[in-house]
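Asker: Quick one: this structure, given as structure tokens, is what I'll be asking you about.
The values are calculated or read from the model by the stated rules, or taken from the named source; none is laboratory data. Everything quoted here is computed from the prediction, not taken from an experiment. In this analysis, Cβ positions are derived from the backbone assuming ideal geometry, glycine residues included, and neighbour counts consider all displayed protein chains.
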Amino acid sequence: MHPETTAACFAAALPFASIAQTPVPPSYRVTELPTLGGTTSLATGISNSGWVVGQSSTPSGYNFAFRWRDGVMQALPPRAGSTQSGAFAVNDAGDVAGFYASVNATTDSSSQPCLWRQGGVAADLDPFDRGLGGAAMGVNAGVVTVGWLSVAGGGTISGFRAAGGTTTPITLPTGDTCHISYATDLTDAGIIVGYAAPPDQCGDTAAWSHTQGVTTLLPGLSWRSAVASAVNAAGDIAGRAATDDNRTLPVVWRGGLPFALESRGGNGSALDINASGDVVGQVFVSVQGAPSKPSACVWIGEHLYSLRDLIIGDLDPDAATAINDHGEIAAYGLNASGRLRGFLLTPFCIGDFNGDGGIDNSDTQTFFEAWEEGDFDADVNGDGGIDGADVERFFERWEAGRC
């Protein structure tokens, strides 16, 4: 655990609902996801029903998409001839959006966007093979899928919407001259987000939202690049945006306006946002002149937390890629053996001994009984020992009355 970095304050003035005190963040139990027989895995998406998806290596050295839940790892069936696939998003029914690549692929330039339905092989979302590359990035409850497709011979990249067997390019922003656009996520109500090259600035990017057939560019923090990565049911959008001093900050758009999230003075990116407005992603911070290192983070309310400080056990993940409405987080980083692995982080309330969702007087006696006996349940700060620091942490939570 790293108490010196816990609960960095939110420095930017954001128009979130004000709160009387700093929220007490949950602690997280860690489940290390298995592999498909190889040495590595990545977790990149999570559903409210507990599906986690991503990519894992196999004994042959290839990487393929997987779907995992309740301890069961499923390799998603590859299309004939493919030697690589990956999954980026999953809905509550277990439908998965991702990509596959052909046998001769050495990069993602020949990848194709696809959708795995429950029990089925990957359905090609580019049925006419128009693309040189592509991926499906999001899928909603109605099995509407969004992603991007590089069109062969045209020099263009198109964000697309696929539903009912039909793949349709998403209308580009008014004034588009570059024809480069990516769709990254969507809501059940059909709000789609992504990013595109703004008019006459083909080397740059601007975040956009698409509703009822209209694509609208979103303002950034400056004239420089901005990317929308995810959207929740309320229409709040998570992503990143560059500043005039060449930093890239994690950002949330609310009401169409961007607000920078705290990143401890370094660069960062917001990768997902849930219905409560909790955001996950990563920041890059250099300590005492050392090269910057990625660190997985969660933003709860107006406050940034490094996940390494909230995890029970010695784990320092590189990125938190997705968060569901229960607060469960998909992440990846190095495990204790130095292998790149995907993880499921499950929030729980340390100190809530009676399981009523809060910490009150009824929990106090049980805590002190466990503390006096040296019981692991009394290790409420998660440092592996039972001492006075646990008493301090318990009463912080007791005073707040909640986790």
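Asker: Among the numbered conditions (1) surrounded by fewer than 19 Cβ atoms within 10 Å (Cβ to Cβ); (2) at positive phi, tell me where residue 318 comes up short.
Answerer: Here residue 318 meets the rest and fails (2).
Asker: Scan the range 348-365 residue by residue and report those that are without any contact (Cβ under 8 Å) to a residue 40 or more places away in the chain and either outside any helix (DSSP H, G or I) or basic (Lys, Arg) (or both).
Answerer: Of all residues in the range 348-365, those without any contact (Cβ under 8 Å) to a residue 40 or more places away in the chain come to 353-356, 361-365.
Across the range 348-365, the qualifying residues are 353, 354, 355, 356.
Asker: From the list 238, 226, 162, exactly one residue is surrounded by 24 or more Cβ atoms within 10 Å (Cβ to Cβ) and over 28 Å from residue 95 (Cβ atoms). Which is it?
Answerer: Exactly one residue qualifies, and that residue is 226.
Asker: Let me ask something additional. So which residues in the range 321-339 are outside any loop (DSSP other than H, G, I, E, B) and surrounded by 16 or more Cβ atoms within 10 Å (Cβ to Cβ), if there are any at all? First the steps, then the outcome.
Answerer: Keep residues of the range 321-339 that are outside any loop (DSSP other than H, G, I, E, B), which gives 321-323, 329-334.
Scanning the range 321-339 gives 321, 322, 323, 329, 330, 331, 332, 333.
Asker: Which residue, of 69, 79, is closer than 23 Å to residue 326 by Cα and assigned by TED's automatic domain parsing to the domain that holds residue 335?
Answerer: Going through 69, 79 in turn, just one is closer than 23 Å to residue 326 by Cα and assigned by TED's automatic domain parsing to the domain that holds residue 335: 69.
Asker: What number of residues within the range 187-218 are in contact with a Ser or Thr (Cβ under 8 Å, 6 or more places away or on another chain) and either within 18 Å of residue 250 (Cβ to Cβ) or assigned to a strand (DSSP E or B) (or both)?
Answerer: So the count comes out to 14.
Asker: Pick from 351, 281, 268, 277: which is under 22 Å from residue 51 (Cα atoms) and surrounded by 19 or more Cβ atoms within 10 Å (Cβ to Cβ)?
Answerer: Just a single option satisfies the conditions, and that option is 281.
Asker: Taking the options 366, 321, 346, name whichever one is over 30 Å from residue 250 (Cα atoms) and of a type in the set (Ser, Thr, Tyr).
Answerer: Going through 366, 321, 346 in turn, the sole match is 366.
Asker: If residue 37 satisfies all but one of (1) part of a loop (DSSP other than H, G, I, E, B); (2) within 22 Å of residue 114 (Cα to Cα); (3) modelled with pLDDT of 95 or more; (4) among the small types (Gly, Ala, Ser), what's the number of the condition it fails?
Answerer: Status for residue 37: all satisfied but (2).
Asker: Still on this structure, I have one more. Can you name every residue in the range 280-304 that is of a type in the set (Phe, Trp, Tyr) and modelled with pLDDT under 95?
Answerer: Going residue by residue through the range 280-304, those that are of a type in the set (Phe, Trp, Tyr) are 284, 299.
Matches in the range 280-304: 284 only.
Asker: Assess whether residue 89 counts as being surrounded by 15 or more Cβ atoms within 10 Å (Cβ to Cβ) and touching a residue at least 60 places away in the same chain (Cβ under 8 Å).
Answerer: yes
Asker: Is it the case, given these coordinates, that residue 368 is surrounded by fewer than 21 Cβ atoms within 10 Å (Cβ to Cβ), aromatic (Phe, Trp, Tyr) and free of Cβ contacts under 8 Å to residues at least 12 places away in the same chain? Don't jump to the end; show me each part of the working.
Answerer: Values: surrounded by fewer than 21 Cβ atoms within 10 Å (Cβ to Cβ): yes; aromatic (Phe, Trp, Tyr): yes; free of Cβ contacts under 8 Å to residues at least 12 places away in the same chain: yes.
In short, yes.
Asker: Any idea which of 151, 214, 144 is within 24 Å of the chain's Cα centre (by Cα) and either crowded, with 17+ Cβ neighbours inside 10 Å or at pLDDT 90 or above (or both)? Don't jump to the end; show me each part of the working.
Answerer: Details: 151 fails: within 24 Å of the chain's Cα centre (by Cα); 214 fails: within 24 Å of the chain's Cα centre (by Cα).
That would be 144, the only listed residue that is within 24 Å of the chain's Cα centre (by Cα) and either crowded, with 17+ Cβ neighbours inside 10 Å or at pLDDT 90 or above (or both).
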